Amino acid sequence: MQSILRRVYVQAWEDTALPSWAGVGTATVAALASLPILAILWGSFGRPGDLIGVGSAVLPDYLLNTGGLVLIVGVLATVIGVGTAWLTTAMAFPGRALFSWLLVLPLAAPAYLVAYVYTDLLEYTGPVQAALRAAFGPEGSAWVPPVRSLPGAGVMLALVLYPYVYLLARAAFAAQSRSQFLAARSLGARPASAFRRVVLPGARPAIAGGLALVLMETLADFGVADYFAIPTFSTGIFRTWLALGDRQGALQLAGILLVFVAALVAVEASSRRGEVASRDRLSEGTPPFALSHWHAAAAVIACALPVVLGFVVPVSRLAWLTLASGDQMPFVTLADYAGNSVSIALLTAFVATGIALLLGYSQRRAPKRGALGRAKRGALRLATLGYALPGTLLAVGLLSPLGSFDRWLTRLSREVTGIDHGLLLTGSVALLTYALTVRFLTVSYNAVGAGFEKVPPSLDAAARSLGATPARLAWQVHLPLLTPSILAAASLVFVDVMRELPATLMLRPFDFETLATRVYRLASDERLAEASTAALLIVLVGIPPVALLNRVRR
């Protein structure tokens, strides 16, 4: 017995005290992920005498619009996500099990597609205002608020981003003990007061995590803000770099946006401290609370509205336009665009999930204390910062250093070999895959990391005491237990890459079209009927991964 314990102790010491391939891999990933951040910080101070190359007059508009959009989306997504999560977890009403699945579907519809559809439906020449004018005269149009506005953009984003809050809040509510809520009710607390004072504090870390994802996606939004002509930092960076050709100004705007990103990450990290949800699992055998007929009807309406507005209406309109006219492009060409989208999404999902496994394994082996443990945790935090970086910011941060390196490499090859092969990095899919992997590595790591947390360390010690090598431990113990988390990570990354627009627009190779870029070009020319086919394909391709994600989460 003593020999076995000594062997386990020695092996544990070797795993934590000595540098490993996992630690080296984590440091490498952190260095690659920090490249765009360092490039932006370096470029932001290149012209200290001029705050913004395109003129500092645009900066207040960027600040106000970006801040207002974040506020509107954050409030709406939290209310919808938390409310529907509590209803489907704790209340009994008709269709409860069905709604728990349907509420995830808006995640498959990109926000810019929803914005295109509602603009087509609600504009002056659209069917809604035409019907109102036919029924009530010219005054009927005054009843429809303007869609192309800051509040309209906030509603569009909230309708497709609330599932981030819903999924995490639902998991947190399901893990809580329902007896605590009942105890508060027995002491005289009203249902709303018991929910606010007992249930919400325990679920606050999960809700904060979902809200942080929503706000990061809002900062990264380009399609909705660009289509509604709302000047935000994301659209400003894109316009300054490509339309005005001012690289320095784009880097400075990206540097200011990076400050917002860092503040958001810090607030999210601090909000997760100090609150621990109940884990006594008393709610597993407790039936959901019964509702009266009127309250059950209200619950059905509350759960149905987000699904109808965020998924049913947009998809139905896209299907109608596709059947009525659709894209006149040859099917072979459209299938080629769909193949490009799926291939880049699969490639990024594979790379991001593989790196997430590496990071999760490194975090599991990292010592809890000491300089080595702090270094690994710092590298891990740096490696998973990418999701907080908008696609435009990533594109600007990567194009600046890698473009210069690519030109130097091409010039060196021409001088040494006499062969002019053109740009190798910025002219290929490699740079786009690199940027998308950095962007969505956080998503895959969060899913894989949650899976690692469910694997008790005693299993590792037992396997190592029986002579299992680290490779055999990972293959025969960790991998089977992590399969659901791996599927969830790959599904999330796949869906996010399918709908990613700004990074694809700025970094894609020449003559490389995807479904998202096709929809953007046609919708920008107000050709929504033609864009409906590619838009519908994006949604349909995203439904199976979203369904798989929901099944894994449950």
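Out of Glu268, Glu284, I need the residue that is part of a helix (DSSP H, G or I), among the charged types (D, E, K, R) and modelled with pLDDT under 75. Which one?
Details: Glu284 fails: part of a helix (DSSP H, G or I).
So the residue among Glu268, Glu284 that is part of a helix (DSSP H, G or I), among the charged types (D, E, K, R) and modelled with pLDDT under 75 is Glu268.
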Under 9 Å between Cβ atoms, at least 6 apart or on separate chains: pull out the pairs that start in region 93-115 with a residue that is assigned to a helix (DSSP H, G or I) and end on any residue that is of a type in the set (Lys, Arg) and surrounded by 24 or more Cβ atoms within 10 Å (Cβ to Cβ).
Ser100/Arg170; Ala108/Arg499; Ala111/Arg499; Tyr112/Arg499; Leu113/Arg499
Look through Ala304, Ala356, Ala319, Ala297 and report the one residue that is of a type in the set (A, V, I, L, M, F, W, C), surrounded by 21 or more Cβ atoms within 10 Å (Cβ to Cβ) and assigned to a helix (DSSP H, G or I).
Ala356
Anything in region 203-239 that is under 14 Å from Leu394 (Cβ atoms) and hydroxyl-bearing (Ser, Thr, Tyr)? List them, or say none.
Ser234
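Among the candidates Arg133, Arg148, which residue alone is surrounded by fewer than 21 Cβ atoms within 10 Å (Cβ to Cβ), of a type in the set (D, E, K, R) and modelled with pLDDT of 85 or more? Don't jump to the end; show me each part of the working.
On the way: Arg133 fails: modelled with pLDDT of 85 or more.
Just a single option satisfies the conditions, and that option is Arg148.
Which of the helices (runs of 4 or more DSSP H) found entirely inside region 428-541 contain at least 1 residues meeting this: under 19 Å from Val351 (Cβ atoms), at pLDDT below 85 and touching a helix residue (DSSP H, G or I) at 6+ places or on another chain (Cβ under 8 Å)? Don't jump to the end; show me each part of the working.
Values: elements: 429-453, 457-465, 470-473, 479-499, 502-507, 515-524.
Answer list for region 428-541: 429-453, 479-499, 502-507.
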The conditions are (1) out of contact with any Asp or Glu (no Cβ under 9 Å at 6 or more places or on another chain); (2) over 19 Å from Leu76 (Cα atoms); (3) at pLDDT below 75; (4) of a type outside the set (D, E, K, R), and Ser179 fails exactly one of them. Which is it?
(1)
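The values are calculated or read from the model by the stated rules, or taken from the named source; none is laboratory data. All values reported here derive from a predicted model rather than from experimental measurement. Cβ: placed from backbone, ideal geometry, glycine included. Neighbour counts: every protein chain shown.
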